[in-house]
Amino acid sequence: MTNNKTKYLVITTFFMAIILLQVLIPWLGYIPLGAVIVGAQPTIIQFTVAIAAILLGARWGAFIGGFWGLLTFWQAWSTPGSIGSLMFQNPFTAFIPRILVGLVIGMAFNKWLRNKNFGVRTLGLGFLGGLAALINTVGVVLLTVVGFKVMRTNFTGIPNHNLLGWLIGIVSFNSIFEIITGIILVAAIGNVLVPIAERAGIKG
């Protein structure tokens, strides 16, 4: 039991280190498609959280998601001055969507995909990758709208009316590519790592 717990702690620390690097080194945290499709920069950190949750389970996935939220919150307060920073200075926006990615994806994989055959698991992992992108984006947008309205935020560039529509317009383009990226990355990486983790006794 102690040996197995140590394995989980080591893998959790490994994923936390990856997320720290992705946050600190932007090119590791998003895929810059600007050269091909102008303006598209899909964030991929949520897929790191999703893969961690798939391997380790919902509890550890939520913890790793919370770690990403902590880094996001810290960045927002240490480098203020942008609308993005203002959004994530709200702890609910910084933490809840990230925690939910780990929690929901970990629970869904263990409940419906853990013991399925390769084909079903591949389709399911792709679906979970897209779902991870949606959970993060929708959570951030909705909590930002609530936070800005409650706090009556007044910042250059933020409209006074139809805030939800404005935010959807900003994130919708990237979101399409994030969903596509999530489907591909989580299906490909998950199918490689899940059998390896299970042989090592890591089964969520």
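Hey, among 115, 110, which residue is open to solvent by 10 Å² or more (accessible area, probe 1.4 Å), free of Cβ contacts under 8 Å to residues at least 12 places away in the same chain and within 20 Å of residue 52 (Cα to Cα)?
So the residue among 115, 110 that is open to solvent by 10 Å² or more (accessible area, probe 1.4 Å), free of Cβ contacts under 8 Å to residues at least 12 places away in the same chain and within 20 Å of residue 52 (Cα to Cα) is 115.
Being of a type in the set (Val, Ile, Thr), open to solvent by 60 Å² or more (accessible area, probe 1.4 Å) and either under 21 Å from residue 43 (Cβ atoms) or part of a helix (DSSP H, G or I) (or both): is that true of residue 150 here? Outline the logic, then answer.
Values: of a type in the set (Val, Ile, Thr): yes; open to solvent by 60 Å² or more (accessible area, probe 1.4 Å): yes; either under 21 Å from residue 43 (Cβ atoms) or part of a helix (DSSP H, G or I) (or both): yes.
Yes.
Can you pull out the residues in the range 43-66 that are out of contact with any strand residue (DSSP E or B) (no Cβ under 7 Å at 6 or more places or on another chain) and either outside any helix (DSSP H, G or I) or open to solvent by 40 Å² or more (accessible area, probe 1.4 Å) (or both)? Lay out the reasoning, then the answer.
First pass over the range 43-66, keeping only residues out of contact with any strand residue (DSSP E or B) (no Cβ under 7 Å at 6 or more places or on another chain): 45-66.
57, 59, 60, 63 - these are the residues of the range 43-66 that are out of contact with any strand residue (DSSP E or B) (no Cβ under 7 Å at 6 or more places or on another chain) and either outside any helix (DSSP H, G or I) or open to solvent by 40 Å² or more (accessible area, probe 1.4 Å) (or both).
Taking the range 174-204 on its own, how many of its residues are buried (at least 18 other Cβ atoms within 10 Å of the Cβ) and part of a loop (DSSP other than H, G, I, E, B)?
Summing the residues that are buried (at least 18 other Cβ atoms within 10 Å of the Cβ) and part of a loop (DSSP other than H, G, I, E, B) in the range 174-204 gives 2.
If I ask for residues that are in a helix (DSSP H, G or I) and in contact with a Pro (Cβ under 8 Å, 6 or more places away or on another chain), which ones from the range 70-107 would you list?
Filtering the range 70-107 down to residues in a helix (DSSP H, G or I) leaves 70-78, 83-88, 91-107.
Scanning the range 70-107 gives 73, 86.
From (1) modelled with pLDDT of 95 or more; (2) open to solvent by less than 10 Å² (accessible area, probe 1.4 Å), pick out the condition that doesn't hold for residue 144.
Evaluating residue 144 over (1) modelled with pLDDT of 95 or more; (2) open to solvent by less than 10 Å² (accessible area, probe 1.4 Å) leaves (1) as the failure.
The values are calculated or read from the model by the stated rules, or taken from the named source; none is laboratory data. All figures in this text were calculated on a predicted structure; none of them were measured in a lab. Note that each Cβ is placed from the backbone with ideal geometry, even for glycine, and that neighbours are counted across all protein chains shown. Please note that ligands, DNA and RNA were not included when accessible areas were found on the heavy atoms of the full protein model with its side chains. Shrake-Rupley method; radii C 1.70, N 1.55, O 1.52, S 1.80 Å.
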